[in-house]
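The values are calculated or read from the model by the stated rules, or taken from the named source; none is laboratory data. Since this is a predicted model, take the numbers as computed values, not measurements. Cβ placement follows ideal geometry from the backbone for every residue including glycine, while neighbour counts extend to all protein chains displayed. When the accessible area is computed, the model is the full protein with side chains, heavy atoms only, and any ligands, DNA or RNA have been set aside. Shrake-Rupley method; radii C 1.70, N 1.55, O 1.52, S 1.80 Å.
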Amino acid sequence: MQDYQFFELGDVVLQCKKTLRDVKLAYKTYGTLNAARDNVVVYPTWYSGQHYENEWLISEELALDPRKYFIIVPNMLGNGLSTSPSNTPAPYNASRFPEITAYDNVKAQHRLVTELFGIEKIKLVTGWSMGALQTYHWGAMYPDMVERILPFMGSAKCSRHNFVFLEGAKAALLADAQFKEGWYTSPPERGLRAFGRVYAGWGFSQAFYRHRMDLEAMGYASLEDFLVGFWEGLFLQRDANNLLTMLWTWQHGDISDNELFNGDFVEALGAIKARAIVMPASTDLYFPPEDNEFEVRHMPNATLQVIETDWGHFAGGPGTSPVDIRVLDEALRALLAS
């Protein structure tokens, strides 16, 4: 049963100067918009994730309490629910799907928030990983609208090292002959499994594996069981062209790469007026705290709060680490009360 809705955007001219026809933004809301329309939280999805994979952070027991807040979870373009390679008709189907930026995503989300709901102020934008990238974009693009942001385990710009990691994952997928340059008739399963194996060395930290947390904390029977059951299983559920579309979005993530800031990254960071808590994980191999330290230095109203953890990037993952979730939730609670 479909538990989400679509916002129809019509024809959208993207940053890449291509027109995507009949664009649909899938979204789900939690809670009720109050009469003042000032209890709004926007919580974008992450790489390959869909709205239901954000729900671990929404609960009456947590800071994102749907009894208090109207929480909007917009699905990223390319994630298989919103307009994506897997659901777009020719000529922009499959591997011909155009390049989508985080800027494109947030412009679409802004239309959803303002045109459908008539919202003028957002109490909080938050998100994990690519959700954090979109969070930074919200703060920079709409500084007078967004009151608070809490990006966790993500950055405002894809680093060169992060770009290289993604090239490795992409190469593993493209190497499968079944991929057929994006015109596959059945899923390129070997490539998807290889994609997951590349990811396995990055999503969790060295300490995670050293302490055998795949076995002790996650309950897998062996390392191989973890690699197949968790990592291969995760990406076998995904469409290959969708993964590549969002991968391109990730690699080209940069809050300054638009007509507002013309590539001036420091200016873009300085434009974020929102009260901000930036939360990296101490052992995140994608988004090390050093990148966030630079960002916070150039944001006028931001503090850095590092989560000390062995869980790496998945300290902020979909409900994986209960201890780290409590730290994150406490920060969200404090920021919302500020």
Gyration tensor (alpha-carbon) shape descriptor, the stretch 121-217, a/c threshold 1.5:
oblate
Portion, in percent, of the accessible area of the stretch 1-148 that falls on carbon or sulfur, probe 1.4 Å
47 percent
In 10 Å bins starting at zero, report the fraction of Cα pairs in the stretch 274-338 per bin as a rounded %.
22, 50, 27, 1
Within the accessible area of the stretch 169-252 (1.4 Å probe), percent carbon and sulfur
54 percent
For the stretch 86-223: accessible area per residue (Å², 1.4 Å):
43 Å²
I need the per residue convex hull volume for the stretch 27-87, using only the alpha carbons, in cubic angstrom as a whole number.
75 Å³
Name the residues whose placed amide hydrogens come within less than 5 Å of the amide hydrogen of THR283, ignoring near sequence neighbours (fewer than 5 apart) on the same chain.
THR309, GLY312
Per-residue HN-Hα couplings for the stretch 237-252, Karplus 6.51 cos²θ - 1.76 cosθ + 1.60 at θ = phi - 60°, whole Hz, x for Gly and Pro?
7, 9, 8, 4, 5, 4, 4, 6, 4, 6, 4, 4, 4, 4, 4, 9
Under Karplus coefficients 6.51, -1.76 and 1.60, residue-wise ³J(HN,Hα) of the stretch 222-227 in Hz, glycine/proline x
7, 4, 5, 4, 5, 4
With Cα springs under 10 Å, the Gaussian network model of the chain assigns the largest mean-square fluctuation among LEU234, LEU25, LEU243 to LEU234
What accessible area per residue comes out for the stretch 1-51, rounded to a whole number of Å², with a 1.4 Å probe?
49 Å²
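Roughly what % of Cα-Cα distances in the stretch 181-270 sit above 22 Å, to the whole percent?
48 percent
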As a test of the formula, what do you get for the chain when each DSSP H run with n ≥ 4 contributes -39,500 (n - 2.57) and the sum is divided by the residue count, at 222 nm and rounded to the nearest 500 deg cm²/dmol?
-9500 deg cm²/dmol
Total charge dipole magnitude, the stretch 169-250, about the Cα centre, Cβ charges on Lys, Arg, Asp, Glu only, Debye to nearest 20
180 debye
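Treating only the Cβ atoms of Lys and Arg (+1) and Asp and Glu (-1) as charged, compute the dipole magnitude of the chain about its Cα centre; round to the nearest 20 debye.
Values: 29 positive and 41 negative charges, 101 e Å.
So the dipole magnitude of the chain works out to roughly 480 debye.
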Please give, to one decimal in nm, the separation of the simple spin-label points placed at ASP11 and ARG67, each 7 Å out from Cα toward the Cβ.
4.9 nm
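Length gain on complete extension for the stretch ARG333 to GLU290, per 0.36 nm per residue less the alpha carbon to alpha carbon distance?
My answer for the length gained is 13.0 nm.
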Considering only Cα-Cα distances, which of the following residue pairs are longer than 29 Å: LYS123/LYS170; LYS28/LYS121; LYS68/LYS157?
LYS123/LYS170; LYS68/LYS157
P(r) of the stretch 206-316 over all Cα-Cα pairs, 10 Å bins starting at 0, rounded to whole percent, reads 12, 29, 32, 20, 7, 0
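Which of rounded, prolate, oblate describes the chain, given a ≥ b ≥ c as roots of the alpha-carbon gyration tensor eigenvalues and a/c under 1.5 marking rounded, otherwise prolate only if a/b is larger than b/c?
rounded
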HN-Hα J couplings of the stretch 188-193 from phi, Karplus 6.51/-1.76/1.60, θ = phi - 60°, integer Hz, Gly and Pro as x?
x, 5, 4, x, 5, 5
Sites GLU55 and SER186, calculated FRET efficiency, Cβ-Cβ separation with R0 25 Å, nearest 0.05
0.25
